[in-house]
Amino acid sequence: MKTVNHWIGGKTVEGASGNYGPVTDPATGEVTTQVALASADEVDAAVQVAKEAFLSWGQSSLAARTKVLFAYRALLDANRDAIAELIVAEHGKVHSDALGEVARGLEIVELACGITVQLKGELSTSVSSRVDVSSIRQPIGVVAGITPFNFPAMVPMWMFPLAVACGNTFILKPSEKDPSASTLLAQLASQAGLPAGVLNVVHGDKVAVDALLAHPDIAAVSFVGSTPIARHIHTTASANGKRVQALGGAKNHMLVLPDADLDAAADAAVSAAYGSAGERCMAISAVVAVGSIADTLVDKIRERAEKIKIGPGNDPTSEMGPLITAAHRDKVASYVTGAAAQGADVVLDGTGYTVEGKENGHWIGLSLLDNVKTDSDAYRDEIFGPVLCVLRVDTYEEGVALMNASPFGNGTAIFTRDGGAARRFQLEIEAGMVGVNVPIPVPVGYHSFGGWKDSLFGDHHIYGNDGTHFYTRGKVVTTRWPDPSDAPAGVDLGFPTSR
């Protein structure tokens, strides 16, 4: 059986704890790989390597860093298919979706290639007699990233390229459910010329996570995952003196007004709800239909959903793959089987779906629930699977109030032909990312990604300008160089002025 080990100091390091976790092919249910699970001592060893590497990497020139990043970008581009194949094998998403994940991760590598512009400081001359003031940004040291199973390549690339471009060294703790893509990303970085110890991958479970959160030599922690874990990460790491960006869960709503193009809205709802089997923090999981269009919209969504081809991710005809684990599949199914008792109309029930010859895979079909109540489990919880809820309201105001009452505030969308309504929506809605006739408003790399309320813990969103600021700290330098002709200024106990 294949074993995935750690990547520390520019080389493979075999697990020493004796603990291993299973990695399953979601399409077959077969355990294909085992992954080493690090002990606290192994985490400490990786931190010490990263700490040593920071002594030189943190002082390296911007030219040296960007040279490596440009080479890394080329290697990632050449290995897109290899990365995507690992994602398909361990996560289960279809190959085209895996390629899309790699492409979105590459956007942040490209952003990191331009770090010279982002790290430019500011200078004010002659703020007082022969006094200049400058602001600069410097790396913070060893930083860590803890990433989820649903995007095993993209989310790590949201973190470490910017972190190392800023001069930090990085320890990545990817999901133990699909670890191979992260290891390949680190190996390619080494091939691109990244010095040993700058990027390290430590596999593990809660033991490794807790060791990272408590380690005194780690300056910052980035996290993407569920809201309860994000809250724990933020609380624990902050208590240990670290800066934290912890992105949590979501219940993303799509408001459809009566004037919307209902065909476009239905296409968007199906794509955003069921893409990647709904295992996206930016999936649309609740459609809020305004007024009389609800029946027509539900019919159009159902017609499209019934045509989606579900199958193994390596089958080019498959549009949606299985879920990551059998336990997660069963949990997702429970929301559908219990929906009618909580007042919903089950328009589509995908809980009995299977694939011939691969019956042990983690299969589930597409489910559509109509007339969902806001106090039901299917609405309140982040399901993280191919289940779309439809809620009905009479007015725009009622729809916005319903959406703003949600404890989540990650992403949202409105579908309308009315520019005034769209402008009002983007100002009134309480969410960090808004789409206007765009169902999954994931920002491009040079704008930051992040939500509000229970979807974000910490002050910084991820990547973009927020990412650069998170991985650096500011310093202000005030300088006076006396002119050779100056007479001694003498002692002055007064507060300095800017005259």
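With all protein chains present, how much of the accessible area of the chain (probe radius 1.4 Å) comes from carbon and sulfur, to the nearest whole percent? It would help to have the intermediate numbers written out before the result.
Values: 10750 of 20530 Å².
About 52 percent, which is the carbon plus sulfur part of the accessible surface.
Using alpha carbon coordinates only, what is the Rg to Rh ratio of the stretch 151-276, with Rh defined as the Kirkwood radius?
On the way: Rg = 18.3 Å, Rh = 16.8 Å.
When Rh is taken as the Kirkwood radius, the ratio is 1.09.
Starting from the coordinates of the alpha-carbon atoms of the stretch 400-499, obtain the Kirkwood hydrodynamic radius over all distinct pairs and give the value in Å to one decimal.
Values: mean 1/r = 0.0563 Å⁻¹.
Taking every pair of different Cα atoms in the stretch 400-499, averaging 1/r and inverting gives 17.8 Å.
When the expected Rg is taken as 2.2 N^0.38 Å, what fraction or multiple of it is the alpha-carbon Rg of the stretch 53-177? Before the final figure, lay out each step's value.
Numbers: Rg = 18.0 Å, N = 125, 2.2 N^0.38 = 13.8 Å.
Rounded to two decimals, the normalised Rg is 1.31.
If you add up the charges near residue 17, with Lys and Arg at +1 and Asp and Glu at -1, over every other residue whose beta carbon is less than 9 angstrom from its beta carbon, what do you get? Before the final figure, lay out each step's value.
Numbers: positive: none; negative: 41, 42.
After counting each charged neighbour, the total is -2.
Would you work out the charge dipole size for the stretch 163-303 about its Cα centre, treating the Cβ of every Lys and Arg as +1 and the Cβ of every Asp and Glu as -1, and quote it to the nearest 20 debye?
Values: 10 positive and 13 negative charges, 144 e Å.
For this selection, approximately 700 debye.
What shape does the stretch 277-350 have by the C-alpha gyration tensor, where a ≥ b ≥ c are the square roots of the eigenvalues, rounded means a/c under 1.5, and otherwise prolate means a/b greater than b/c and oblate the rest? Display every interim value, and only then the final one.
Values: a/c = 2.06, a/b = 1.36, b/c = 1.52.
Oblate, because a/c is 1.5 or more while a/b does not exceed b/c.
Using a 1.4 Å probe, what is the accessible area per residue for the stretch 377-456, in Å²?
41 Å²
For an R0 of 41 angstrom, estimate the FRET efficiency from the Cβ-Cβ distance between residue 3 and residue 77 and round to the nearest 0.05.
Numbers: r = 28 Å, r/R0 = 0.69.
Efficiency, from the Cβ-Cβ distance: 0.90.
How large is the dipole of the stretch 348-499 about the Cα centre if only Lys and Arg carry +1 and Asp and Glu carry -1, each at its Cβ, rounded to the nearest 20 debye? Intermediate results must be reported in sequence, preceding the final value.
Working: 12 positive and 20 negative charges, 117 e Å.
Value, rounded to 20: 560 debye.
Mind putting a number on the dipole of the chain about its Cα centre? Charges go on the C-beta only, +1 for Lys and Arg and -1 for Asp and Glu, and I need it in Debye to the nearest 20. Mind dumping the intermediate values first?
On the way: 39 positive and 55 negative charges, 311 e Å.
In debye, rounded to 20, the chain gives about 1500.
Once fully extended, how much extra length lies between residue 131 and residue 317, figured as 0.36 nm per residue of separation less the alpha-carbon to alpha-carbon distance?
Working: separation 186, 0.36 × 186 = 66.96 nm, distance 6.76 nm.
Fully extending the segment from residue 131 to residue 317 adds 60.2 nm.
Pull out the extension gain between residue 452 and residue 191, defined as 0.36 nm times the separation in residues minus the alpha carbon to alpha carbon distance; nm, one decimal.
Difference between extended and current length: 90.1 nm.
For residue 17 and residue 492, what does the FRET efficiency come to when R0 = 56 Å and r is the distance between their Cβ atoms, rounded to the nearest 0.05?
On the way: r = 63 Å, r/R0 = 1.12.
Calculated value: 0.35.
With unit charges on the beta carbons (Lys and Arg positive, Asp and Glu negative) and the dipole taken about the Cα centre of the stretch 428-480, which residue among 463, 442, 474 sits farthest to the positive side?
474
Quick one: net charge around residue 106, please, counting Lys, Arg +1 and Asp, Glu -1 for every other residue with C-beta under 12 Å from its C-beta.
Working: positive: 73, 80, 104; negative: 77, 101, 107, 110.
Local net charge: -1.
Once the principal axes of the Cα atoms of the chain are found, what is the range along each, listed largest first in whole angstroms?
The Cα atoms of the chain stretch 86, 59, 39 Å along the principal axes, largest first.
Have a look at the DSSP beta bridges in the chain and tell me what percent are antiparallel, nearest 5. List each step's numbers first, then the result.
Details: 31 of 74 bridges.
Around 40 percent of the beta bridges assigned by DSSP in the chain are antiparallel ones.
Got a sec? Charge dipole of the stretch 102-185, +1 on Cβ for Lys and Arg, -1 for Asp and Glu; which of 170, 135, 183 is way out at the positive end?
Checking the options against the dipole of the stretch 102-185, the answer is 135.
Once both labels are modelled 7 Å past Cα along the beta-carbon direction, what's the residue 341-residue 307 spacing in nm?
With each label placed 7 Å out from Cα toward Cβ, I get 3.6 nm.
At 0.36 nm per residue, and after removing the present C-alpha to C-alpha distance, how many nm does the segment from residue 138 to residue 397 gain when stretched out fully? Present the calculation step by step, with values, prior to reporting the outcome.
On the way: separation 259, 0.36 × 259 = 93.24 nm, distance 4.62 nm.
So the extension gain works out to 88.6 nm.
Across all directions of projection, what mean area in square nanometres is found for the Cα convex hull of the stretch 13-105?
Over every viewing direction, the Cα hull of the stretch 13-105 projects on average to 8.0 nm².
Using the charge dipole of the stretch 47-161 (Lys, Arg: +1 at Cβ; Asp, Glu: -1 at Cβ; taken about the Cα centre), state which of 84, 146, 55 has its Cα farthest towards the positive end.
The residue sitting most towards the positive pole is 55.
Run the simple label-point estimate for residue 32 and residue 66 please: 7 Å along Cα→C-beta, distance reported in nm.
The answer from the label model is 4.0 nm.
Equivalent-ellipsoid semi-axes (√(5λ), Cα gyration tensor) for the stretch 284-438, whole Å, largest first? Write down the numbers at each step before the final one.
Values: eigenvalues 175, 57, 45 Å².
Those come to 30, 17, 15 Å.
Compute the signed sum of charges (Lys and Arg +1, Asp and Glu -1) over the other residues within less than 13 Å, Cβ to Cβ, of residue 457. It would help to have the intermediate numbers written out before the result.
Details: positive: 231, 242, 243, 453; negative: 454, 459.
Counting the neighbours of residue 457, the net charge comes to +2.
Hey, what number do you get for the chain at 222 nm if only DSSP H runs of n ≥ 4 count, each worth -39500 (n - 2.57), divided across all residues, to the nearest 500? Show your work: numbers first, answer last.
Numbers: 16 runs with 182 residues, N = 499.
When only DSSP H runs of four or more count, the value is -11000 deg cm²/dmol.
From the phi angles alone, apply the Karplus equation (6.51, -1.76, 1.60; θ = phi - 60°) to the stretch 140-149 and give each ³J(HN,Hα) in whole Hz, x where the residue is Gly or Pro.
9, x, 8, 10, 10, x, 10, 10, x, 6
The values are calculated or read from the model by the stated rules, or taken from the named source; none is laboratory data. All values derive from a computational prediction rather than experimental measurement. Here the Cβ is made from the backbone with ideal geometry for all residues, glycine too, and neighbour counts use every protein chain on show. Ligands, DNA and RNA are stripped out before the accessible areas are found, and what is left, the full protein with its side chains, is counted by its heavy atoms. Shrake-Rupley method; radii C 1.70, N 1.55, O 1.52, S 1.80 Å.
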